[in-house]
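Okay, so here's the structure we're looking at.
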Amino acid sequence: MDPTSPTPSATVREAARRACSDATRRGAPAWLVWRHALAPAASLPGLAVAGASDRFRWELPEQGFALAADGVAAEIEASGPERFRALAEQARSVADATWLADELGESGLRPAWLGGFGFLDDAPPIGPWRDFPAARFVLPAWLDVRDDDAAWAHRAVQVDPGAHAADVLARLALPRELPTAAAAATRGARLRSELDESDYLARIRLALDAVRRGEAEKLVVASELRCHAPGGLDLERVLASLRARHPGCRIFAVARGDVTFLGATPERLVAVRGGVVRADALAGTAPRGRDPAEDRALARALLESKKEQEEHAVVVRAVREALEPLCKTLELDEAPRLRRLHRIQHLHTRARGTLPPGTSAPVLRVAQRLHPTPAVSGSPGDAALAWLCRNEGLDRGWYAGGVGWLDLAGEGELAVALRSAWVRGSEARLFAGGGIVADSDPEAELRETRLKLGMAQAALAEGAW
């Protein structure tokens, strides 16, 4: 979008004065967020391949909704079993000290925290995920929002005690520094990939033995596909490919320094808006057919498969048990429906709950009850996590964790970080997994994982030089 900002109005100047007064009075930082209109036809800024600034992208192409954020005005981090509660408390503390200069006065996303969290509640200080803590969200310095035919921007700055309004206004008016588009390069060798299928198959069989011995009802075993693009990867091309191939998914990218975590996830973990809680149960997988007749046959086989129905039912039960204590009413689809996507289809059950009048359930509080669902770890949860930590042999990082946004009131949307890749320079690591239950066939599980990995691999190949 246009990197220049309009001239701050009287509304903004008054908000700046109040923020300075508040910060000085409390002896602690305050924050000022300026919200103003953008041209509806404006495009989202590009995603730099590397840089010091945090960057975040989030799109729902079919709904015409997109976020593009850069920089940090405030950040919150947490780890350990209570990481979601700690994040919510930190976010609320910043919200209480935030002043909004709103030049629109209409509905639409207000200032928001953007970020995510890892699969596990702690994070190693070294390794490929070292810049991705157990949980981290930022209030971005720049945030552009496009919602169908409307577009607006947020500019946020920290206001320290003793700051002068004139200095704060000058910082608000600074132009956004956007990355310069890279010069077109000659396409080089194809994306090279490496997956140790024999090792993954052995871990599938190990999980199947554990399930049949009664150590767990379900185990989700993940794999990692390492890729190399000799000339590097163009992340804009990768995101454009994900957007075109998977318009019904949530397209995301979280970048810190020279590492970007991106993907196209079909699964919402939870959304909380206006007292309504929504969640998805997505488990049970089949490929799409090469023609309509084959596609119908594969869909029918998926709906009638005892193994896939069993795997799906475990997730549905966990979603119900997590949401019932929070909701006044809770409705789930009576039977799973098909979630048809590019090259793949899933069993899908939707959950919708209403909160009791006068109560609130911040999206992070609900996420704490839901994550990790049996769709990404297994069941029972504690036993499955313990088995994975002992036997999976994979640093998942933020894969199968969550990404998304929450507003200053604590409402928002988080998605399960699936069909995703870790990217740095010319290197990429793709992640996918399969749910193992007593009736699982190891070879079939391997084929399913190949299919899932192939979806992200195809998008990376579009961006390989």
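At q = 0.15, 0.17 Å⁻¹, what log₁₀ I(q)/I(0) does the range 10-172 have when each alpha carbon counts as one equal point scatterer in the Debye sum?
Log10 of I(q)/I(0), two decimals: -0.91, -1.11.
Per residue, what volume in Å³ does the convex hull of the Cα atoms of the range 192-462 enclose?
Per residue, the Cα convex hull of the range 192-462 comes to 131 Å³.
Can you tally the lysine pairs in the chain where the Cα-Cα distance is under 21 Å and the two residues are eight or more apart, or on different chains?
Within the chain, the lysine pair count is 4.
Relative to the longest principal axis of the chain, what angle (0 to 90°, nearest 10) does the C-alpha long axis of helix 10-26 take?
80 degrees
Taking 0.36 nm per intervening residue step and subtracting the Cα-Cα distance, what contour gain separates Asp96 from Glu304 on full extension?
Residue separation times 0.36 nm, minus the Cα-Cα distance, leaves 69.7 nm.
Starting from the Cα coordinates of the range 257-328, work out the convex hull volume and express it per residue in Å³.
Measuring per residue, one finds 178 Å³ for the Cα hull of the range 257-328.
Please compute the contact order of the range 10-172 in relative form: average sequence separation of alpha-carbon pairs under 8 Å and at least six residues apart, divided by the residue count, as a percent.
39 percent
Could you list the GluC sites (Glu not before Pro) in the range 76-160 that lie in coil according to DSSP, counting only those with at most 10 other Cβ atoms within 10 Å of their Cβ?
Answer in residue order: Glu106.
Obtain the nm distance between the two label points defined at Glu427 and Ala173 by a simple spin-label model: each point lies 7 Å from its Cα along the Cα-to-C-beta direction.
4.6 nm
Going by a ≥ b ≥ c, the root eigenvalues of the Cα gyration tensor, does the range 221-353 fall in the rounded group (a/c under 1.5), the prolate group (a/b larger than b/c) or the oblate group?
oblate
Which value in nm describes the separation of the simple spin-label points at Asp131 and Arg340, placed 7 Å from the Cα toward the beta carbon?
4.1 nm
Can you tell me the order of 270-283, 392-405 when each peptide is scored by its average per-residue count of other Cβ atoms within 10 angstrom, highest first?
Ranked from most to least packed, the peptides come out as 392-405, 270-283.
Using alpha carbons only, how many degrees (0 to 90, rounded to 10) separate the axis of helix 306-323 from the longest principal axis of the chain?
30 degrees
For the range 417-427, in order, what is each residue's ³J(HN,Hα) by Karplus, 6.51 cos²θ - 1.76 cosθ + 1.60 with θ = phi - 60°, in whole Hz (x at glycine and Pro)?
7, 10, 6, 10, 8, 9, 10, 9, x, 8, 9
Summarise the long-distance tail of P(r) for the chain by giving the % of C-alpha pairs beyond 31 Å.
Tail of the P(r) past 31 Å holds 43 percent of the pairs.
Which residues in the range 236-273 place their backbone N less than 18 Å from a point set 7 Å from the Cα of Val72 along the Cα-to-Cβ direction?
What the label zone holds, given the 18 Å backbone N cut-off, is 253-261.
Each value in this text was obtained by applying a stated rule to the coordinates, not by laboratory testing. Note that the coordinates shown come from a computational prediction; the quantities given were computed from them, not determined experimentally. Quick reminder, even Gly has a Cβ in these numbers, built from the backbone with ideal geometry, and neighbours come from all protein chains shown.
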